[in-house]
Amino acid sequence: MPKLIICLREGYSLSYLRADVIAGLTVAIVALPLAMALAIASGASPDKGLITAVIAGFLISAFGGSRFQIGGPTGAFVVVVFNVIATHGYSGLVLSTLMAGMILVLAGLARLGSLVKYIPETVVTGFTAGIAVIIFTSQISDILGLTLAQHSGGFLGTLEDIWASLSTISPASIIISCAALTMIVLVRRFRPKWPAFLIAVTVASLVAWALALPIETIGSKFGGITSALPMPELPDFTLTRLRELLPSALTIAFLAGVESLLSAVVADGMTGRRHRSDCELIAQGIANMGSALFGGLPATGAIARTATNVRTGARTPIAGMFHAVFVLAFMMFLSPLANFIPLASLAAVLVVVAWNMSEADKVRHLLHAPFEERVILVVTLGLTVLVDLTVAIEVGVVMAALAFMHRMSKAVAVTNEEEDDDPDAIPFTGTVPATDQRLALSENTEVFKLRGPLFFGAATRLDEALNRAGPTPEVFILRMREVPLIDATGVSALTHFVDRCEARGTRVVVSGIQEQPKAILEKMGLAKRLEFSETYTGATIRARSLSRTDGTSSGPSQRPSHSTSVAG
């Protein structure tokens, strides 16, 4: 069931409407320059990006499984859309998007949304950073105002084209792009709540118009933007054409599914809500089919716009629907003004988008992961840039699966139960042992026990367990003696768990951790934020010393104990 229906059933007041209208308007202001810039970077006209933001943005919010998801064109699609248009024409892209929508609907109906968590973080970060590199490279010509003699395509081909056209550099384009980029950085630094992209593009447009600068604009290159939505139209197709476009459709469906669910997870982390992954996939499918029928681009959940929606006080999916309505209003009444927008200013916007997508901090963090995960990251990134996004994803996922099987084979061990007399070996859910252990706890201490490898397929369960926990404790004890290994995605999930605990003023104590997990936590910098104890008894003593209360009570805590099996 879509979250929209659930929210309306819960009750929708005038204060909610006011909050959703303000949030929708704010997100629309952010989305306007982005939608046009991403469309141009994808090899399409800017109005295609606006159409996508209107149609897909409205449908994703109306049918989605997240209260706060904002949909539309995103940077993740730039590479695949550009390649599809270059190979099969824009009609091929429309048909690919329609097929991808059908695939997403079928995936949602088959309840495959939970399978996205099995995509390792190293693969997602690798291909996302690779896309960022390609986006940045593609904007160099607009930043410098070059007149390219040819468009070879591909990363290396683009660099060769730029090198061959350096004699056509436009000083006006360089000034406008650098000024717009500087303005975006300064506004984000000193006035983070202001719409930096829109301000930079507006000022750049005014300066270019007032000074009559010899610079390429949307009007000079594309002849302007349509002021109305086109009529929906079903694209022509044949079986041969469908077969040719199936790989592209699968790639679009995969990216739409992964990006939308990642965006929904970000919104969950910011609000404490929980999205419905299968419902979200169905909504993404409906939105992509709708966008294709109106001649738009592929769409998915936009993480930055979704975060903006949350921060500006959105209450329900109606905020996302208002965002689409406001973008449509711009198309209908203000589209002639877009003719004056310099392409160099939109290139500056995309440079910032590329930097944000690269997640440089996360890449540096993952470079401290185990060797095989570093290899997966570098290979996925390299293949995305130099070969093809589809190939990069396929190779990355296969390498991650092989690496996981290799780690699991080394983690298997035989333990003599008579030698395993540590308190952590006592079953956590047994009646007598659990009661004895609860007696040792103060009222403000909670315990989770993790069983099995904390790897990319099970990492989200730790966060789910925290969501199910009762009142916020002062200390969390994580019992990890039965966790034989942890990978980079597991560390990321544990880091997010610790972040949420620290935000609530909760300390985290880890007991009985094995050698491999502890070594990885130390290598990736998380160990210094945790307290460690060799035994569960030692952890309870440490918890008492960390608790702000004296740890005494008239009886055992009434909070139920939790046993979490992260491997399923």
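The values are calculated or read from the model by the stated rules, or taken from the named source; none is laboratory data. All values reported here derive from a predicted model rather than from experimental measurement. Heads up, the Cβs are rebuilt from the backbone with ideal geometry, glycines too, and the neighbour counts pull from every protein chain shown. What goes into the accessible areas is simple: the full protein's heavy atoms, side chains included, and nothing from ligands, DNA or RNA. Shrake-Rupley method; radii C 1.70, N 1.55, O 1.52, S 1.80 Å.
The angle between the Cα long axis of helix 488-503 and the main principal axis of the chain comes to about 80°, on a 0 to 90 degree scale. Extents of the stretch 36-99, largest first, come to 37, 25, 18 Å (Cα atoms, principal axes, whole angstrom). Taking the Cα centroid of the stretch 522-540 and of the stretch 207-260, what is the distance between the two, rounded to the nearest whole Å? Here the two parts' Cα centres lie 51 Å apart.
Binning the C-alpha pair distances of the stretch 49-154 at 5 Å intervals from 0 yields a P(r) profile of 2, 9, 13, 19, 22, 18, 9, 4, 3, 1 %, listed from the shortest bin outward. Rounded to the nearest 10 degrees, the inclination of helix 277-293 to the longest alpha-carbon principal axis of the chain is 10 degrees. Counting only Cβ charges, +1 for Lys and Arg and -1 for Asp and Glu, the dipole size of the chain around its Cα centre is about 1420 debye. When you filter the GluC sites (Glu not before Pro) in the stretch 203-304 for DSSP loop state and at most 12 other Cβ atoms inside 10 Å of their Cβ, you are left with GLU233. Going by Cα centres, the stretch 347-383 and the stretch 303-340 are how many Å apart? Answer, in whole Å: 29.
Contact order for the chain, expressed relative to its length and based on alpha carbon pairs under 8 Å spaced 6+ residues apart, stands at 23 percent.
By accessible area, using a 1.4 Å probe on protein heavy atoms only, the stretch 222-343 has 67% of its surface on carbon and sulfur.
Give me the net charge for the shell around LEU14: Cβ to Cβ below 14 angstrom, other residues only, Lys and Arg +1, Asp and Glu -1. With Lys, Arg at +1 and Asp, Glu at -1, the net is +1.
In degrees from 0 to 90, rounded to the nearest 10, what is the angle of the helix 155-164 Cα long axis to the longest principal axis of the chain? Between the helix axis and the principal axis of the chain, the angle is about 40 degrees.
Give the separation of the Cα centroids, the stretch 1-72 to the stretch 77-142, in Å. Cα centres, the stretch 1-72 to the stretch 77-142: 19 Å.
One compactness figure for the chain is 1.05, namely its Cα radius of gyration divided by 2.2 N^0.38 Å.
Enter the accessible area per residue of the stretch 192-310 (Å², integer; probe 1.4 Å; all protein chains in place). Provide the component values of the computation, followed by the final result.
Working: 5510 Å² over 119 residues.
I get 46 Å² per residue for the stretch 192-310.
Here is the P(r) of the stretch 213-261: all C-alpha pair distances, binned every 10 Å from 0, give 18, 21, 31, 25, 4 in whole percents. Computed from Cα atoms alone, the Kirkwood hydrodynamic radius reported for the stretch 107-209 is 16.8 Å. Scaled to the globular estimate 2.2 N^0.38 Å, the Cα spread of the stretch 111-171, given as radius of gyration, is 1.63.
Let me test this: with uniform point scatterers at the alpha carbons of the stretch 473-539, what is the Debye-based log₁₀ I(q)/I(0) at q = 0.27, 0.28 1/Å? Per q value, in the given order, log10 I(q)/I(0) is -1.33, -1.39.
Over the stretch 44-135, what is the relative contact order in whole percent, taking alpha-carbon pairs under 8 Å and six or more residues apart?
26
Going from the alpha-carbon gyration tensor of the stretch 147-257, what semi-axes, largest first and in whole Å, does one get by taking the root of 5 times each eigenvalue? Write out the running numbers ahead of the final one.
Working: eigenvalues 234, 102, 67 Å².
Equivalent-ellipsoid dimensions as semi-axes: 34, 23, 18 Å.
Cross-link check: pairs LYS117/LYS528; LYS3/LYS48; LYS449/LYS518 evaluated at a Cα-Cα cut-off of 18 Å; pairs beyond the cut-off: LYS117/LYS528; LYS3/LYS48. Could you give the Stokes-Einstein D for the stretch 3-45 in µm² per second, using the C-alpha Kirkwood radius, 4 °C, 1.567 mPa s? Once the numbers are plugged in, D ends up at 103 µm²/s. Using C-alpha pairs under 8 Å with a sequence gap of at least 6, the mean separation divided by the residue count of the stretch 1-69 gives a relative contact order of 43 percent. Within the shell defined by Cβ-Cβ distances under 13 Å, the residues around LEU4 carry a net charge of +2, with Lys and Arg each +1 and Asp and Glu each -1.
Whole-percent P(r), the stretch 1-79, all Cα pairs, 5 Å bins from 0: 3, 15, 21, 22, 16, 11, 7, 4, 1.
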